[in-house]
Amino acid sequence: MNFFNKNQLGLGLLFGVIIPFVAYALLMMINERIFEAGNLGADGSQPIFDNNSLLLFAICFNLIPFTYYQRKRFSKSMRGILGATLIYAMVWLFWFSSNF
């Protein structure tokens, strides 16, 4: 039995919480490598993407398992991923609302 092929709310919450952390770490590494290679941002002293953009991109990575479970018609897992994504999005909006 495959671990990913379960229609459980807890599994969706688990994926919804873990995937943005992993995606953020990967995006930070990629952003730092691009910066070290000499491809700089607008003012030349910062990486191309700032922290709030990387966090938002990491949250959007939840679309990958959400789409997978949507195709499988696993509504409980989809709800878990969506719930975690909404909480992350609200925290992101609250945290970076002063930057708009």
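What follows is calculated from the coordinates using simple rules that are stated; it is not laboratory data. Nothing here was measured: the structure is a model prediction, and the numbers come from that model.
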- Item | Sequence-separation-based contact order of segment 9-99, relative, with Cα cut under 8 Å and 6+ spacing, percent | 43 percent
- Pull out the extension gain between Glu36 and Asn5, defined as 0.36 nm times the separation in residues minus the alpha carbon to alpha carbon distance; nm, one decimal. 7.2 nm
- Message: Between helix 51-60 and the chain, what is the angle of the helix's C-alpha long axis to the longest principal axis, kept within 0 to 90° and rounded to the nearest 10?
- Response: 20 degrees
- Task: Just check the chain against the gyration tensor rule for me: Cα atoms, a ≥ b ≥ c as the square roots of the eigenvalues, rounded for a/c under 1.5, and otherwise prolate or oblate depending on whether a/b exceeds b/c.
- Result: prolate
